[in-house]
1. If you filter the stretch 162-209 for trypsin sites (Lys or Arg not before Pro), then keep DSSP loop positions with at most 14 other Cβ within 10 Å, what is left?
2. Which percent of the accessible heavy-atom area of the chain goes to carbon and sulfur, probe 1.4 angstrom?
3. Give the residue from V243, Y286, I215 lying farthest towards the positive end of the charge dipole for the stretch 207-323; charges sit on Cβ (+1 for Lys and Arg, -1 for Asp and Glu) and the dipole is referred to the Cα centre.
4. Hey, which lysines would be in cross-link range of K103, C-alpha to C-alpha under 29 Å, not counting anything within fewer than 8 residues on its own chain?
5. Accessible area of V102, 1.4 Å probe, to the nearest 10 Å²?
6. Under a 1.4 Å probe, what is the accessible area of the stretch 120-209 per residue, stated in Å²?
7. With only Lys, Arg, Asp and Glu charged, each at its Cβ (+1 for the first two, -1 for the last two), find how big the charge dipole of the stretch 52-184 is about the Cα centre; round to the nearest 20 debye.
8. Residues with beta-carbon under 13 Å from that of P281, excluding P281: net charge, scoring Lys, Arg +1 and Asp, Glu -1?
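The values are calculated or read from the model by the stated rules, or taken from the named source; none is laboratory data. Just so it is clear, the model here is predicted, and its values are computed rather than measured. Here Cβ is always computed from backbone atoms with ideal geometry, including for glycine, and neighbour counts include all displayed protein chains. Areas reflect the complete protein model, heavy atoms only, side chains present, ligands, DNA and RNA absent. Shrake-Rupley method; radii C 1.70, N 1.55, O 1.52, S 1.80 Å.
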Amino acid sequence: MHARTVTLCLINIYSVRLMSLVQDISMVIKLLAIVLLITTGLVFIGQGNHENINNFMNGTDVTAERLGKAFYGGLFSYDGWDSLFFAAEEVDNVAKVFPLAVKIAMGTVIFAYMLANLAYMSLLSAKEIIDTTVIAVDAVRPVLGVAGALYVMPLLVAVSTFGATNGATFVAGRQTFAAAREGSFPEFLAVVHNRWKTPIASLIFQSLIAIFYLIPSDIGTLLDIFSFAAWIFYGLCFVGLIVLRFREPHLERPYKVFIFIPVLMILASLYLVIAPFFDDPYSSLYVTAGIIGGIPVYFLFVYERTSPGFFRTVSSVITRYTLIICASSLPAGDSDEDIFK
């Protein structure tokens, strides 16, 4: 897994076109895997096998707290909806491309994932789904046999996850780069490679963080922590959209949404933060403490521009060596004086 992270970091540093090619190929293979799974499930249902679906919810203990946490895994599968916009600067005609991309992508993903879940529910019992660690492999084994399940499906799933990580690497690098360019992160993270024109330092930085988070290898806990924090900021983002709609009604907007959509998403965000908090208060408190701990750092080093002298000195030294080692330069207009006024 660490090797995959390093490989994708190098690909994203070397070429945006190569990254896009990898993404396109993995997307096609991912869709093939989903089509194979859906076809297997539909054939199984067509043969009159309805027992698993009919008994799927038997003995289920549903509470508001557990349901909120259960949403995390499902919603993470759709998390690409917020990643698209980090590449806005590299896309022509954003007002036309982005709304169309979101509609096509989300529509395709929702349709495909609903049928995939139907396939899982028909091919496996609820207990088997809970106990399995390789659900796609176990789901197709009755139809494709041992060889197909152990060789074909794992390969398709591996390529699929490779593509998902590739997209996340691209997005994380741009997010960190933009934050550094605006002065919210240290300046050295805003450097761009002179030849490849990619945010090399921010990509390396994000990949190192990813490797660090993968050390415990507890993906379930990592997903819960990430989702809890993410939906806090998603909710704040939706609030900001409504505030700007009324505070800046005449502001030029490349695309707009109906006001009830952000309102609905604020309510969803509140539920997805509050319900899991009561289900697992300790993990939620750790995340909340980490977020709150960042507030004084923000006001000390960013908002008030009152960073200590030694911080500016260290940052300048790191930036100079980063520019040399990474054969890179700062975007036009960025300098120590601009960021650390």
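1. Here the sparse-neighbourhood loop sites are R195, K197.
2. For the chain, the apolar C and S fraction of the accessible surface comes to 70 percent.
3. Farthest towards the positive pole: V243.
4. List returned: K30, K69, K256.
5. 50
6. Accessible area per residue, the stretch 120-209: 46 Å².
7. 160
8. Neighbourhood net charge equals -3.
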